[in-house]
Structure formats: structure tokens, C-alpha cells
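Student: Here it is: the structure, laid out below.
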Amino acid sequence: MSYLKVYEHERVIDKLTADVVDMNTHEFNSNTMTISKPQCVLFDRDWNRVEEVFEFLEQRKNTKRQEWNTIEAKARALKLFYDFLEETKMKYYSITAKEVNDFIAWLFKDDEKYSLGRLTERTARTVNTYVSHVRDFYKYHSIINRVNNPFEGEIELINRPSSMAKGFYEHTLSSGKVGKSSFTIKERGKKPITIFGESEISSMLDSSSLKRDHIMIALMLYTGMRIGEVLNLKVQAISTPDMTSQVQVLNMIPSKSDGKRKSLKTGTRTIFVPPFLMKELDDYYTNTWIDLVDGNGLDHNYFFVSEGNRNKGKPLTYGAVESRFKKLFNELGIDAMPHDFRHTYATNLARLGTDISTLAEMLGHKNVSTVGIYIKMAEMEDVEKVLEEFYGKFELDVERVA
């Protein structure tokens, strides 16, 4: 474990302990060090000053003239980063993009400051801030000391979202692209995640008037597929169900003909499904899909299609699905969005103790940092169970006294 010392006044300290030296009783020697005012100093567990951190913070303070609270924030972020390095037995100069992902996941876990069942209170915004300070640390050392920068190539160009305000120089960006960091965690808006309970799931499945809708709900609940992936599902991915196997797969393969709403966020990936669901997919294809598509002379391979007279057999659109689920949620009095099926799937896996790397793989995420919220939510449920038991016992004790 590293130690961060914040000195707000000029001090002379002992290098071996980082304690302030009383110059009336100690002679100035090689074991002492003068601290200028103010200064943040990071020490390793043997009380050796971490020179690369000291050099970086001093440059940002004295040359860049950054505010003291900014310097202190950078120091605290790097203190956590060096705790992570020590725990994983890594050196700062050998870190790759994979270790940056591991660090982000590590930040969401409990540490010794949050013992006795308390969860870390780090939000996505807090973690993003920590990562930005570590990014700045590597930016400095990659230029000054030629240290490998694990953040190199983290930015990918994406189409500018329509909701993003246009900047003053928007007219100069002919490509219409904006940069997006692969390490940035999405910060949720005001609407909280909704996790469906067993009764709500049963109600939704029972209320689905069409077999197609029943299968879509089951797919999102049992596989965590996004709506875009559901709409992208091709008939070629459906295989003959093997009822002797507990897990079967759907291979999702994007094609150039897929529209924007049907595009796969993660490209080609494998979806794991239970055998009973594969059987429902196969039965629907045999008994319904062929009549709807081939029977209407249509030439496409999308699995989910419209069953209405107007667009019968044509690929189902995002708008149609969104409207249908909105109506279903309103009828059942549930405040939710279709993406909450995926949240429910992920949280249920986290409840079973699925590790963060496996969870990311099953959800089709490139970075484990994105799924930390589900681990956190599952841990919070464990805390609530412990407290419910505690409160119940406490209530009984109070009743005995009364």
C-alpha cells in the first residue's frame, strides 16, 4: 500500500518515515528532506518517495501553474493507481490498455476504506475523473521520459450524436465525426436502471399477445441482447435445438445491408441461449416465419418481422418494437425501457457471483469497466439482506426490553 502525504506548509521530514523532523533535536543529514509549500508526496510502502509521481506533480504545479486542488486531486488518483499496481505486481512503465481496463474495474470494487459491508461510493463520473488524471500522468511521461503510453489509440471517431450541441468551429469539421474514448464509462442520466422482478417478468410474458413478442422478451431476458441485436438476428443463426446441451449459441454476424438501428455495437459476437429458447426460435421459424416471408414473396433473412397486414413479412423496425413495448409497460404500470431487459439479465448474472471479465464477455462489451455497475448493484443487494437480518434482530431485542 502506498502513502500520500499532503504538506500545506514548508517542512523538513524524515525520508524513512515521512514524519516531520524537529530541528531542535535532529541534525540535518542525508535522511532528511525539505518540502516546499504546498506539496503532495507519494511514498511506497517502504517510505521511498515515488519519484515519477513527484516529478509529474511538481511540473503540473510549478510549470503548468495548475490550481492546488487540481494537484491534490491528481495525487489522490495516482495514490489509488499505485495501490492497484502494487496489488497486481505491475510497474507503471509496463502498463498496457488491458491494465487500464483492469484498473477501472478495480476502482469499482470494495477496498479497505469501505469495510464492514460498505460499498465503494465511486460513481461513473468519479472513476472517469480518476482515469483522466492517470491519463495526464502518462501523457507527461510519454513525452518527457519516453514511457509507453497505455492510452495511445484510445480515441475512436464516431458520428456526432444529433443531441450534441454544435461548437463554434463545427463548420470546419467536414467529416461530422467526434472523438470517443474507449476508457470512458457512460454516466447515466436521471432515469435509474430498472431491474424486473419475477412477478413483472411473468406478467410481461403472459401479456404478450403475439408469440413473436414473447420470444423477443425471452431473448433479452435470457441472453442480454440489445434491441439492435434482436432486430439484427438472421434466420441462419437459428440451429436445430440440442435438448441434451445446457447452453447453445447464436452467432451474430453484421452485414453491410443492416440499417443504423440494426447495427451491432460490438460487431460479430456469440450469444449464449438456453435450449428451450432455441426450440422456441426454431418452432417460430418453421410454423410462422416461412409463411410470413416466403408466403409473401419477400427476399430477406431477418428473423423478426411484422405480422400486421400492412407490412406483413417485412423486417421489424426499431420504432415498431419501441412503441409495442411502451404500450406493454403502460398496461402493466411498469416504469421501464426495453434496455432494462438487458440490465435485468446482467444484474442476475452478477447476483450469481459471475466475475467481471466473464460478465463483460457475455454482454459483448470490449471493456470490463462498463459492467462494473452490475457488480455494484448485486453487492448492494447483499448489504441490504445483511441489514434486514440485523434490523430484524435489533427489533426483537427492543421488544424484549420494552
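Read the figures in this text as sums done on the coordinates, not as results from a lab. Note that the structure is a prediction, hence the values are computed from the model and not measured. For neighbour counting, all protein chains shown are included, and Cβ atoms are generated from backbone atoms with ideal geometry for every residue, glycine included.
Student: For a 20 Å ceiling on Cα separation, which of these pairs sit above it: K279/K327; K211/K312; K89/K109; K211/K279; K61/K91?
Tutor: Checking Cα-Cα distances, K279/K327; K61/K91 exceed 20 Å.
Student: How far apart, in nm, are the 7 Å Cα→Cβ label points at S245 and M90?
Tutor: 3.5 nm
Student: Quick one: net charge around F276, please, counting Lys, Arg +1 and Asp, Glu -1 for every other residue with C-beta under 12 Å from its C-beta.
Tutor: Surrounding charge for F276 is -3.
Student: Let me ask something else about it. Once amide H atoms are built 1.01 Å from N in the peptide plane, which residues 5 or more positions from V305, or in another chain, come under 5 Å H to H?
Tutor: Hits under the 5 Å cutoff: L316.
Student: Now, a different point. What do the square roots of 5 times the Cα gyration tensor eigenvalues come to for region 269-351, in whole Å, largest first, as semi-axes of the equivalent ellipsoid?
Tutor: 27, 19, 11
Student: Using the Karplus curve 6.51 cos²θ - 1.76 cosθ + 1.60 with θ = phi - 60°, work out ³J(HN,Hα) for each residue of region 316-331 in order, rounded to whole Hz, and write x for Gly and Pro.
Tutor: Computed from phi, the couplings for region 316-331 are 5, 9, 4, x, 5, 5, 4, 5, 5, 6, 4, 5, 5, 4, 5, 5 Hz.
Student: Right, another one. Which peptide among 233-246, 312-325 comes first, and what is the full order, when sorted by highest mean count of other Cβ atoms within 10 Å?
Tutor: Listed from highest to lowest mean packing, they are 312-325, 233-246.
Student: Starting at the first residue of region 93-105, write each ³J(HN,Hα) from the Karplus equation 6.51 cos²θ - 1.76 cosθ + 1.60 with θ = phi - 60°, in whole Hz, x for Gly and Pro.
Tutor: For region 93-105, the Karplus-derived couplings read 7, 10, 6, 10, 4, 4, 5, 4, 4, 5, 5, 4, 5 Hz, x marking Gly and Pro.
Student: Given R₀ = 56 Å, FRET efficiency for R310-K139 by Cβ-Cβ distance, to 0.05?
Tutor: With a Förster radius of 56 Å, E is 0.50.
Student: Under a crude label model (7 Å from the Cα following the beta-carbon direction), how far is D291 from T270 in nanometres?
Tutor: Distance between the two pseudo-spin positions: 3.6 nm.
Student: For a label point 7 Å from the Cα of I253 along Cα→C-beta, name the residues of region 224-243 whose backbone N is under 17 Å from it.
Tutor: Correct set: 232-240.
Student: Quote the FRET efficiency, to the nearest 0.05, computed for Y3 versus D282 with a Förster distance R0 of 51 Å and r equal to the Cβ-Cβ distance.
Tutor: Once the sixth-power term is evaluated, E becomes 0.25.
Student: Scan around V249 for amide H atoms under 5 Å from its own, H built in the peptide plane at 1.01 Å from N, and keep only partners 5 or more places away or cross-chain.
Tutor: Amide H neighbours of V249: V273.
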